[in-house]
Each structure stands twice: as structure tokens, then as C-alpha cells.
Amino acid sequence: MRLAVGVDAGGTSTRAMVIDDSGHVRGSGSAGGGNPNSHPPESAALAMAEAVARALGETGADPADVCAWVIGMAGRSKLTDPTIAAVFERAWNGLGLVRAGRPRLVSDAVAAFVSATPEPDGTVLVAGTGSVAGRIRQRDLVATVGGYGWLLGDEGSGFWLGRQAVRTALDVLGGNHPPSRLADAVLHKAGIEAHAPDAAFRLITAANAGSPIDLARFAPLVSAAHAEGDAAAQSIVERAAELLTETVLAARDEGETTPVVLVGSVVGRSSPVGDAVRAALTTATDAPVLSSDNGVLGAAWLAALDAFGPGLPRPETGTVEQGPRTSPSPGAAS
């Protein structure tokens, strides 16, 4: 058996997938957060190794059957730190992937794009706490628009939505905006009585007490108030969609009809911002607008293309073809 392994190393969870040289999914596994930007390197490396070991355990194959593996990770530059890299190297060595050697690291945006479409070229928009659009050529990220962080950009992101929600509450408290369900929700979440004489001061103090990026915690309130018909929330959603659409279009050539892949909670299928962005991009680009909720399939297919060549068909999602059941090799998750 010849195999390839893909890993989506997220901050909340890590997923691994194994596919064979005919393009069939043979196993999958998951574990805790495997991104060292979100977790201590030791626990992140262990989670990544556990996810891979569980996926290989479903195949019943020898880890030496793995010919290549790819890891999709946000902020993968973290692994250029020799100290952190050494931690991951120890975990990888324990997996027994002697034939595959070191994994290839790719952006989580690339892995998500490849998970959503077999096309080699297109655009990916990642909109979660932050926002960035990437130009994809031959399944590689060749240019980006945005992604500058909360201080310099992240327009339309979860941070941006949360900040706008807090500003709406402050405008209501200052008498510069009519009463709003969104403002009430912000004050409630901050634990502030709306009729308190110092409510605005207390909200400003609360917003500045933590990391600026913590304002993203108010973003879900915008979606909830939007669903209730709140005018302030509707205005924020509309503007966020405009900003994100502009970011995507800036990453595309004029007249380009390649796919656009949306990734992240802000542009998910349950998000009003996502609905508005999909509608706007469909009209503006006449291109397929797709969604991806993780990059494990993309990472696995990239690994298979590395190992078995460009003619390998893209695996179908949701189907695992089981191999013979045996125990994983000793120490596989160590």
C-alpha cells in the first residue's frame, strides 16, 4: 500500500486524512489544537502526532507506507524558530514516517482552497478574527491582499465586526444613534447596565482592558441582531460584505472566472455576512463561489500529488475505504 497524509493543524482541533495512490480516502483522525501559535509547542506537536496516528490506525497500514505528507497551518512561519521546530521534529520522528521524511508545510488558506475545488487557480478569502484574500496559482499562494492585522487592516473581519458593534453601543449611549438591539446586546455581554450614568465610560474601559483582538467576541452579536431586523446590525453586515468583496476582487485579474473559496466563521453558510459576500461575488465575477470549513482534504490531496503525480484524481469527501484493521505501530503517537 502506498499512502499520503494530509493534516489541518488548527487552533481548536487538528484533523488528519490518509489517501492511497488511487485517490481513495483510507482513514481519518482528529485530536486537539495543533497550531503552536495557539498552544504550547509540546501540546500542539502531540496533538498533531495523535491525529496522524489515529488516521493511520484506521488504515491498518505500516507508517512506512506513507510516501509524502503535507501540513496546512496558519502562521506556519512559527516553525522556523529552531526551538519550536525541534519539538515538532521529535513528535514527527515518533510517527515512523521514515519514507515520507519531513512534511511539506503550506498555508491553511491553500489547503482550504484545494479542499473546495479541483481547479488549480483561483482566489481564497479567509475571514475569521482577521481577514485576507489570496491569489492561488497552481495550488500555491502567490499574492495576498489584506491580512495586515487589527491595527492596519482586517476589514470586514470578526475583529472589525466586534469593534463596530461596540462603537454602535457608544453612539447610542452618547445620543448620536437611535436605540438598538445590538447596542443592548453589547452592553449585556460586557456586564454593563444600559441606564447607568457611567455606562459609556465603563464600556470604553472594558473594551480597552484586554487585547484589542478580543473585540471579536462581540462579532456574533451582529449576526444575532441582524436576524432580528436591527437596522444598525444590518448596516454593519452590509458594509462588512462590501469590504470583504473589495478585498477578494483586488486579488483577482480583471475578467477572471476561476473559483472563489470562502473560509472562516465570518463568511460561513450561517453568517449573514457570508450570504451577502456570496451574492456580491457571484454577480461581480460570474465565477463559482465555494465554501470550505477545513483544509484536511486539500492537504491530503496535495501530499498525494507530491507522491503519486499530477494525474491522481481528487478524493471525494465523506467516504473512507477501510483497510485491514490492525493496531498502529508502537510509539506512533509519542
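The values are calculated or read from the model by the stated rules, or taken from the named source; none is laboratory data. Predicted model only: the values in this text are computed from it and were never measured. No Cβ is skipped: glycine too gets one built from the backbone with ideal geometry, and neighbour counts run over all protein chains shown.
Brief remarks follow.
- Test: residue in region 43-50 that is assigned to a strand (DSSP E or B) and not assigned by TED's automatic domain parsing to the domain that holds GLY134: no
- Whichever residue in region 149-184 is part of a loop (DSSP other than H, G, I, E, B) and of a type in the set (Gly, Ala, Ser) and, among such residues, is farthest from the chain's Cα centre (by Cα): GLY175
- Pairing residues of region 199-212 that are assigned by TED's automatic domain parsing to the domain that holds LEU187 with residues that are at pLDDT 95 or above and among the β-branched types (Val, Ile, Thr), at Cβ distances under 6 Å and at least 6 apart in sequence or on separate chains, gives ALA207/VAL166.
- If the condition is being among the hydroxyl-bearing types (Ser, Thr, Tyr) and crowded, with 17+ Cβ neighbours inside 10 Å, then region 14-28 contributes THR14, SER28.
- Subset of region 226-262 [closer than 24 Å to GLY295 by Cα, touching a Gly at 6+ places or on another chain (Cβ under 6 Å) and assigned to a helix (DSSP H, G or I)]: LEU244, THR247
- Across region 84-108, the qualifying residues are those that are assigned to a helix (DSSP H, G or I) and without any contact (Cβ under 8 Å) to a residue 24 or more places away in the chain, and the one among them that is farthest from VAL7 (Cα to Cα) is ALA86.
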